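Worksheet: one structure, shown below.
The values are calculated or read from the model by the stated rules, or taken from the named source; none is laboratory data. Quick caveat, the model's predicted, so the values are computed rather than measured. Heads up, the Cβs are rebuilt from the backbone with ideal geometry, glycines too, and the neighbour counts pull from every protein chain shown.
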């Protein structure tokens, strides 16, 4: 899936908070990852400095990827 491009998303910078709790923020993360994948980039997601995370955020941000891509992607 990658031709050498690498993109790193810092969740704290993306959402502007150390609490990753909302579905909307998770969806924003998903959309960025999805776009990067469609551009054949390798993606790293950093949860550094995140103090609180909910399943709502993870389901929207990461869980949706499993409906679109294979697990090894």
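Look at region 14-29: where a residue is at pLDDT 95 or above and a partner is in a loop (DSSP other than H, G, I, E, B) and exposed (fewer than 15 other Cβ atoms within 10 Å of the Cβ), sitting 6+ places away or on another chain with Cβ atoms under 6 Å, you get 18/49; 18/51. Only a single item in (1) free of Cβ contacts under 8 Å to residues at least 12 places away in the same chain; (2) within 10 Å of the chain's Cα centre (by Cα) is not met by residue 38, and it is number (2). Among the residues of region 1-13, the ones that are modelled with pLDDT of 95 or more and either in a loop (DSSP other than H, G, I, E, B) or surrounded by 13 or more Cβ atoms within 10 Å (Cβ to Cβ) (or both) come to 5 in all. Kindly indicate whether residue 33 is in contact with a helix residue (DSSP H, G or I) (Cβ under 6 Å, 6 or more places away or on another chain), free of Cβ contacts under 8 Å to residues at least 60 places away in the same chain and not in a loop (DSSP other than H, G, I, E, B). Criteria not met by residue 33.
Using the structure shown, decide if residue 46 is at pLDDT 95 or above and out of contact with any strand residue (DSSP E or B) (no Cβ under 6 Å at 6 or more places or on another chain). No.
Within region 41-56, the set of residues being touching a residue at least 12 places away in the same chain (Cβ under 8 Å), over 9 Å from the mean Cα position of the chain (by Cα) and either part of a loop (DSSP other than H, G, I, E, B) or more than 15 Å from residue 13 (Cα to Cα) (or both) comprises 41, 42, 47, 48, 49, 50, 51, 54, 56.
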